[in-house]
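Asker: Sharing a structure, written as structure tokens. Questions coming.
The values are calculated or read from the model by the stated rules, or taken from the named source; none is laboratory data. Please read these numbers as outputs of a predicted model, since none were measured by experiment. Every residue, glycine among them, receives a Cβ derived from its backbone with ideal geometry; neighbour counts consider all protein chains shown. The accessibility values were calculated without ligands, DNA or RNA, using every heavy atom of the protein model including side chains. Shrake-Rupley method; radii C 1.70, N 1.55, O 1.52, S 1.80 Å.
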Amino acid sequence: MTEHEDRLERFETLTAECELIAKLATDSKKREFYLRLGEQYRQLAVDMRQAIATKAAAEKAAA
């Protein structure tokens, strides 16, 4: 597994953890905080997937 794939997996894990914490939170401010944080991690995962795909396409074109 590459460093990028490791980071992608970590962002996906953090997203899931934030979503779980948000579901369990009884305080509305904490719930909102973890929902927003989860969305940020989700966007980082999307960006990382795109970077991985771009790198793979570049490597394929160079071969």
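Asker: Is it true that some residue in the stretch 10-33 is part of a loop (DSSP other than H, G, I, E, B), open to solvent by less than 90 Å² (accessible area, probe 1.4 Å) and among the hydrophobic types (A, V, I, L, M, F, W, C)? Give the derivation first.
Answerer: The first filter runs over the stretch 10-33 and keeps only residues part of a loop (DSSP other than H, G, I, E, B), leaving 25-27.
Checking which are open to solvent by less than 90 Å² (accessible area, probe 1.4 Å) leaves us with 25, 27.
Now drop any that are not among the hydrophobic types (A, V, I, L, M, F, W, C), which leaves 25.
Yes - at least one qualifying residue is present in the stretch 10-33.
Asker: Still on this structure, I have one more. Please enumerate the residues belonging to the stretch 40-54 that are touching a residue at least 24 places away in the same chain (Cβ under 8 Å) and open to solvent by 100 Å² or more (accessible area, probe 1.4 Å).
Answerer: Of all residues in the stretch 40-54, those touching a residue at least 24 places away in the same chain (Cβ under 8 Å) come to 41-42, 44-45, 48-49, 51-52.
The one that is touching a residue at least 24 places away in the same chain (Cβ under 8 Å) and open to solvent by 100 Å² or more (accessible area, probe 1.4 Å): Arg49.
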